[in-house]
Amino acid sequence: MTHYLRSKHDAILIGVGTAEADNPSLNCRIAGVGGYGGDGLEGQPRPVVIDPRGRWQFDAESKVFKLAEEGKGKAPWVFTKAPLDVKRARLLQNAGGRNFVTGLEGCPEWRVSWDYVLKVLDAEHIRSVMIEGGGAIINDLLAPENIGLVDVVIVTIAPTWLGKGGVQVCPDERVEQRARLPVARLTNVKWMPLGEDVVLCGSPSRNQ
(Lines give C-alpha, C1' and ligand atoms only; values in the text may rest on other atoms or scores of the structure.)
Protein backbone atom coordinates (compact mmCIF):
# COMPACT_ATOMS: atom_id res chain seq x y z
CA MET A 1 0.00 0.00 0.00
CA THR A 2 2.81 2.39 0.91
CA HIS A 3 4.57 1.93 -2.41
CA TYR A 4 1.31 2.30 -4.30
CA LEU A 5 0.74 5.62 -2.54
CA ARG A 6 4.29 6.71 -3.35
CA SER A 7 3.65 6.03 -7.03
CA LYS A 8 0.66 8.42 -6.95
CA HIS A 9 2.55 11.40 -5.50
CA ASP A 10 5.03 13.80 -7.06
CA ALA A 11 7.19 13.94 -3.94
CA ILE A 12 7.84 12.06 -0.70
CA LEU A 13 8.93 14.20 2.25
CA ILE A 14 10.76 13.33 5.48
CA GLY A 15 12.71 15.13 8.18
CA VAL A 16 16.42 14.91 8.81
CA GLY A 17 15.93 12.65 11.84
CA THR A 18 14.37 9.97 9.65
CA ALA A 19 17.06 10.43 7.01
CA GLU A 20 19.80 9.93 9.60
CA ALA A 21 18.21 7.07 11.50
CA ASP A 22 16.87 4.97 8.63
CA ASN A 23 19.06 5.72 5.58
CA PRO A 24 15.81 5.38 3.59
CA SER A 25 15.43 4.54 -0.09
CA LEU A 26 12.56 7.02 -0.66
CA ASN A 27 11.52 5.42 -3.93
CA CYS A 28 8.70 3.27 -5.29
CA ARG A 29 9.49 -0.39 -5.89
CA ILE A 30 6.24 -1.55 -7.51
CA ALA A 31 6.70 -3.49 -10.76
CA GLY A 32 5.91 -1.27 -13.71
CA VAL A 33 7.12 2.08 -12.39
CA GLY A 34 10.30 3.71 -13.65
CA GLY A 35 13.38 1.67 -12.80
CA TYR A 36 11.28 -1.45 -12.15
CA GLY A 37 10.04 -2.18 -15.64
CA GLY A 38 8.57 1.22 -16.50
CA ASP A 39 9.93 3.96 -18.72
CA GLY A 40 12.40 6.50 -17.33
CA LEU A 41 11.44 7.48 -13.80
CA GLU A 42 7.69 7.47 -14.37
CA GLY A 43 5.93 6.84 -11.06
CA GLN A 44 8.96 7.67 -8.92
CA PRO A 45 8.40 10.42 -6.33
CA ARG A 46 10.96 13.15 -5.72
CA PRO A 47 12.58 12.66 -2.27
CA VAL A 48 12.45 15.84 -0.17
CA VAL A 49 14.39 16.15 3.10
CA ILE A 50 13.75 18.95 5.58
CA ASP A 51 17.13 19.63 7.23
CA PRO A 52 17.21 23.19 8.64
CA ARG A 53 20.62 22.87 10.31
CA GLY A 54 22.29 20.82 7.55
CA ARG A 55 22.80 17.77 9.80
CA TRP A 56 22.29 15.05 7.19
CA GLN A 57 25.76 13.65 6.43
CA PHE A 58 24.85 11.82 3.23
CA ASP A 59 27.41 10.40 0.84
CA ALA A 60 27.53 8.42 -2.40
CA GLU A 61 26.77 5.21 -0.49
CA SER A 62 23.50 6.51 0.96
CA LYS A 63 20.61 4.44 -0.42
CA VAL A 64 18.79 7.33 -2.05
CA PHE A 65 21.92 8.29 -4.02
CA LYS A 66 22.75 4.74 -5.05
CA LEU A 67 19.20 4.24 -6.35
CA ALA A 68 19.38 7.51 -8.27
CA GLU A 69 22.66 6.36 -9.84
CA GLU A 70 21.04 3.04 -10.80
CA GLY A 71 18.03 4.77 -12.37
CA LYS A 72 15.66 3.39 -9.74
CA GLY A 73 14.78 6.63 -8.03
CA LYS A 74 15.25 10.38 -8.08
CA ALA A 75 17.94 12.33 -6.26
CA PRO A 76 16.75 14.27 -3.21
CA TRP A 77 15.94 17.91 -2.76
CA VAL A 78 17.22 19.20 0.60
CA PHE A 79 15.80 22.25 2.39
CA THR A 80 18.30 23.96 4.70
CA LYS A 81 18.69 27.37 6.34
CA ALA A 82 22.28 27.75 5.13
CA PRO A 83 24.03 26.32 2.05
CA LEU A 84 25.49 22.83 2.35
CA ASP A 85 29.25 22.41 2.39
CA VAL A 86 30.99 22.12 -0.97
CA LYS A 87 31.42 18.33 -0.84
CA ARG A 88 27.77 17.54 -0.15
CA ALA A 89 26.54 20.27 -2.49
CA ARG A 90 28.62 18.84 -5.34
CA LEU A 91 27.43 15.28 -4.68
CA LEU A 92 23.82 16.47 -4.60
CA GLN A 93 24.16 18.43 -7.83
CA ASN A 94 25.97 15.64 -9.68
CA ALA A 95 23.22 13.19 -8.72
CA GLY A 96 20.51 15.51 -10.03
CA GLY A 97 19.36 16.79 -6.63
CA ARG A 98 19.08 20.34 -5.32
CA ASN A 99 19.66 22.34 -2.15
CA PHE A 100 16.99 24.95 -1.39
CA VAL A 101 18.15 27.54 1.15
CA THR A 102 15.31 29.10 3.10
CA GLY A 103 17.22 31.92 4.77
CA LEU A 104 14.02 32.82 6.63
CA GLU A 105 14.01 34.73 9.88
CA GLY A 106 11.40 34.28 12.59
CA CYS A 107 11.38 30.46 12.65
CA PRO A 108 13.14 28.45 15.37
CA GLU A 109 16.51 27.07 14.33
CA TRP A 110 15.16 23.54 13.87
CA ARG A 111 12.14 24.55 11.74
CA VAL A 112 11.43 25.90 8.28
CA SER A 113 8.35 27.70 7.01
CA TRP A 114 5.88 25.22 5.51
CA ASP A 115 4.46 28.05 3.45
CA TYR A 116 7.90 28.56 1.91
CA VAL A 117 8.50 24.84 1.34
CA LEU A 118 5.14 24.31 -0.36
CA LYS A 119 5.52 27.42 -2.52
CA VAL A 120 8.91 26.20 -3.72
CA LEU A 121 7.56 22.73 -4.50
CA ASP A 122 4.59 24.23 -6.32
CA ALA A 123 6.94 26.40 -8.41
CA GLU A 124 8.86 23.22 -9.29
CA HIS A 125 5.62 21.58 -10.52
CA ILE A 126 5.21 19.32 -7.48
CA ARG A 127 1.45 18.99 -7.12
CA SER A 128 1.17 16.33 -4.41
CA VAL A 129 3.42 15.53 -1.47
CA MET A 130 3.37 12.39 0.65
CA ILE A 131 4.62 13.12 4.19
CA GLU A 132 6.17 9.98 5.69
CA GLY A 133 7.84 11.29 8.84
CA GLY A 134 9.29 11.41 11.28
CA GLY A 135 7.58 12.49 14.46
CA ALA A 136 8.78 16.12 14.48
CA ILE A 137 7.61 16.68 10.90
CA ILE A 138 4.23 15.01 11.45
CA ASN A 139 3.56 16.86 14.71
CA ASP A 140 4.54 20.19 13.16
CA LEU A 141 2.16 19.70 10.23
CA LEU A 142 -0.67 18.55 12.51
CA ALA A 143 -0.24 21.60 14.77
CA PRO A 144 -3.16 24.08 14.79
CA GLU A 145 -1.37 26.62 12.58
CA ASN A 146 -0.51 24.03 9.88
CA ILE A 147 -3.33 21.46 9.92
CA GLY A 148 -5.09 23.34 7.12
CA LEU A 149 -2.23 22.39 4.78
CA VAL A 150 -3.03 18.68 5.15
CA ASP A 151 -5.56 17.12 2.78
CA VAL A 152 -5.59 13.49 3.93
CA VAL A 153 -4.28 11.58 6.95
CA ILE A 154 -3.52 7.85 6.67
CA VAL A 155 -2.74 5.94 9.87
CA THR A 156 -1.70 2.29 10.08
CA ILE A 157 -2.63 0.71 13.40
CA ALA A 158 -0.61 -2.41 14.20
CA PRO A 159 -0.91 -4.78 17.20
CA THR A 160 2.47 -3.66 18.55
CA TRP A 161 3.47 -1.35 21.41
CA LEU A 162 6.58 0.65 20.48
CA GLY A 163 7.18 2.04 23.97
CA LYS A 164 8.40 5.48 24.99
CA GLY A 165 11.18 5.49 22.42
CA GLY A 166 8.75 5.14 19.51
CA VAL A 167 7.55 7.92 17.24
CA GLN A 168 4.92 9.90 19.09
CA VAL A 169 2.19 11.80 17.26
CA CYS A 170 1.19 14.54 19.69
CA PRO A 171 0.92 18.01 18.09
CA ASP A 172 0.73 21.19 20.12
CA GLU A 173 -2.58 21.85 21.82
CA ARG A 174 -5.24 24.18 20.45
CA VAL A 175 -6.60 26.80 22.83
CA GLU A 176 -9.46 29.16 21.99
CA GLN A 177 -10.97 31.56 24.53
CA ARG A 178 -9.02 29.74 27.25
CA ALA A 179 -10.65 26.44 26.34
CA ARG A 180 -8.58 23.44 25.20
CA LEU A 181 -9.98 21.96 22.01
CA PRO A 182 -8.98 19.05 19.77
CA VAL A 183 -6.48 20.19 17.14
CA ALA A 184 -8.64 18.52 14.51
CA ARG A 185 -10.78 15.48 13.83
CA LEU A 186 -11.01 13.32 10.74
CA THR A 187 -14.04 13.35 8.48
CA ASN A 188 -15.00 11.07 5.58
CA VAL A 189 -13.35 8.30 7.56
CA LYS A 190 -12.68 4.90 6.05
CA TRP A 191 -11.18 1.81 7.69
CA MET A 192 -9.43 -1.02 5.83
CA PRO A 193 -8.11 -4.22 7.44
CA LEU A 194 -4.81 -5.43 5.95
CA GLY A 195 -3.67 -8.66 7.54
CA GLU A 196 -3.24 -8.02 11.26
CA ASP A 197 -3.18 -4.23 10.72
CA VAL A 198 -5.96 -1.72 10.21
CA VAL A 199 -5.55 1.37 8.03
CA LEU A 200 -7.47 4.53 8.90
CA CYS A 201 -7.97 7.25 6.27
CA GLY A 202 -9.74 10.61 6.61
CA SER A 203 -9.63 14.33 5.93
CA PRO A 204 -8.75 16.75 8.77
CA SER A 205 -11.44 19.14 9.94
CA ARG A 206 -11.45 21.61 12.83
CA ASN A 207 -15.24 21.79 12.96
CA GLN A 208 -16.60 20.54 16.28
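The values are calculated or read from the model by the stated rules, or taken from the named source; none is laboratory data. Note that the structure is predicted; figures quoted are calculated from it, not measured. Ideal geometry is used to build each Cβ from the backbone, glycine not excepted, and the neighbour counts take in all protein chains shown. Quick note on the areas: whole protein, heavy atoms, side chains included, nothing else; ligands and nucleic acids left out. Shrake-Rupley method; radii C 1.70, N 1.55, O 1.52, S 1.80 Å.
So the values come out like this:
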| item | result |
| --- | --- |
| Per residue value of the accessible surface for the chain (all protein chains in place, 1.4 Å probe), Å² | 60 Å² |
| For the chain, radius of gyration divided by Kirkwood radius, i.e. Rg to Rh on alpha-carbons | 0.97 |
| Structure-based [θ]222 nm, the chain - -39500 (n - 2.57) summed over DSSP H runs of at least 4, per residue, nearest 500 | -6000 deg cm²/dmol |
| Check: segment 144-208 dipole with +1 on Lys, Arg Cβ and -1 on Asp, Glu Cβ, in debye | 220 debye |
| Under 17 Å from residue 74, Cα to Cα: aspartates and glutamates that are on another chain or at least 8 residues apart | 10, 39, 42, 59, 61, 124, 132 |
| Qualifying trypsin sites (Lys or Arg not before Pro) for segment 167-208 [loop in DSSP, other Cβ within 10 Å: at most 14] | 178, 206 |
| Portion, in percent, of the accessible area of the chain that falls on carbon or sulfur, probe 1.4 Å | 51 percent |
